[in-house]
Amino acid sequence: MKVALGGPLKVAFRPWVEGLENVPAEGPAILASNHLSFSDSFFLPAVLDRKVTFIAKAEYFTTPGVKGRLTAAFFKGVGQLPVDRSGARGAGEAAVRSGIEVLERGELFGIYPEGTRSPDGRLYRGKPGGLARVALATGAPVIPVAMIDTEKIQPPGKVVPKLMRPGIRIGKPLDFRRYQGMEHDRFVLRAVTDEVMYEIMKLSGQEYVDIYATAAKRQIAEAAKAEKEAEKAAKAQKAEKAALAQAGKQSGKPAEGDRPGQDRPEQERPGQDRPEQDERGQ
């Protein structure tokens, strides 16, 4: 797949790379990257000589039919590892197990600490469950990676990529062996994750947002839904006014708000302001 896919990718897109020397020639290491596009998992392995194993949802490998088999073969070929997201703790536990197995074989394990693609190009808070636990359980160094401009090449929802040059910055390895044996301490997990995210931020130059990307996606979806409902209500109100106007024309009566004298002051009634006569008629 490096020859069949990596070669054409490098020729067509000409990705530039900085810090390639920070990836060890052998031995286990964790590549922790920001996540801007679906194509991130292809550009990073394409510029490395070594195999990189990422995790992917199991549905990519279990879809029936010819298309499903081709998809499964493709993801296996590019080094994706299926993760079953079912169960009590879902993908988190599966990611940890998968990462440990890859590193125990002395290979490179790729992971996106944000947990999902950025919805707007900013860098979001890292999830401590997968990255930090795998790093502390194995003692493998964590190498921060910044993907640059890949969201412009293939934005979410776009199938055909745009030909332009992406960038990849690879930082120096981070050693967290001082925390080994503390992989169940949530404060340590958070500290490790935040340190990695800080290094990714420095490499990428992205604006950092201290919320999870999944929460940001929900907020964006809710805002879009509210805007759509407001537009729908405005259109309905406009259509109702047009219908009332049309009905008024057909009946020959003026529409609501157009009746003559509607806004004129009430005419004075005869004798309204005259003083009352007394009982003697005076």
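The values are calculated or read from the model by the stated rules, or taken from the named source; none is laboratory data. Quantities reported herein were computed from a predicted structural model and do not represent experimental measurements. We place every Cβ from the backbone using ideal geometry, glycine too, and count neighbours over all the protein chains shown. What goes into the accessible areas is simple: the full protein's heavy atoms, side chains included, and nothing from ligands, DNA or RNA. Shrake-Rupley method; radii C 1.70, N 1.55, O 1.52, S 1.80 Å.
List pairs: first residue in segment 197-211 and more than 14 Å from GLY115 (Cα to Cα), second residue of a type in the set (D, E, K, R) and assigned to a strand (DSSP E or B) anywhere in the structure, Cβ distance under 6 angstrom, at least six positions apart or on different chains.
The qualifying pairs are LEU203/ARG169.
How do the pairs read when you match residues in segment 98-123 that are farther than 20 Å from ALA140 by Cα with residues anywhere that are assigned to a strand (DSSP E or B) and of a type in the set (Val, Ile, Thr), using Cβ under 6 Å and keeping only pairs 6 or more apart or on different chains?
ARG122/VAL209
Quick check on my filter: what residues within segment 219-237 are within 12 Å of PRO119 (Cβ to Cβ) and either modelled with pLDDT of 90 or more or open to solvent by less than 100 Å² (accessible area, probe 1.4 Å) (or both)?
Within segment 219-237, the first condition is being within 12 Å of PRO119 (Cβ to Cβ), and the residues that meet it are 219-221, 223-224.
Correct list: ILE220, ALA221, ALA223, ALA224.
Name every residue in segment 31-43 that is touching a Leu at 6+ places or on another chain (Cβ under 7 Å), open to solvent by less than 10 Å² (accessible area, probe 1.4 Å) and outside any loop (DSSP other than H, G, I, E, B), in order of residue number.
The answer is LEU31, ALA32, SER33, PHE43.
Has segment 157-173 got at least one residue that is among the small types (Gly, Ala, Ser) and at pLDDT 95 or above?
Looking through segment 157-173, at least one residue is among the small types (Gly, Ala, Ser) and at pLDDT 95 or above.
From the set of residues in segment 16-48 that are farther than 18 Å from VAL142 by Cα and out of contact with any strand residue (DSSP E or B) (no Cβ under 6 Å at 6 or more places or on another chain), which is modelled with the lowest pLDDT?
Out of the qualifying residues, it is PHE38.
Please indicate, with yes or no, whether at least one residue in segment 197-207 is surrounded by 12 or more Cβ atoms within 10 Å (Cβ to Cβ), among the charged types (D, E, K, R), at pLDDT 85 or above and under 22 Å from the mean Cα position of the chain (by Cα).
Checked against the condition, which is being surrounded by 12 or more Cβ atoms within 10 Å (Cβ to Cβ), among the charged types (D, E, K, R), at pLDDT 85 or above and under 22 Å from the mean Cα position of the chain (by Cα), segment 197-207 yields at least one hit.
In this structure, is ALA140 more than 25 Å from TYR198 (Cα to Cα), among the aliphatic types (A, V, I, L, M), touching a residue at least 12 places away in the same chain (Cβ under 8 Å) and not in a strand (DSSP E or B)?
Numbers: more than 25 Å from TYR198 (Cα to Cα): no; among the aliphatic types (A, V, I, L, M): yes; touching a residue at least 12 places away in the same chain (Cβ under 8 Å): yes; not in a strand (DSSP E or B): yes.
For ALA140, the condition - more than 25 Å from TYR198 (Cα to Cα), among the aliphatic types (A, V, I, L, M), touching a residue at least 12 places away in the same chain (Cβ under 8 Å) and not in a strand (DSSP E or B) - is not met.
For segment 138-153, state whether one or more residues are open to solvent by less than 30 Å² (accessible area, probe 1.4 Å), farther than 21 Å from GLY171 by Cβ and in contact with a helix residue (DSSP H, G or I) (Cβ under 9 Å, 6 or more places away or on another chain).
Yes, some residue in segment 138-153 is open to solvent by less than 30 Å² (accessible area, probe 1.4 Å), farther than 21 Å from GLY171 by Cβ and in contact with a helix residue (DSSP H, G or I) (Cβ under 9 Å, 6 or more places away or on another chain).
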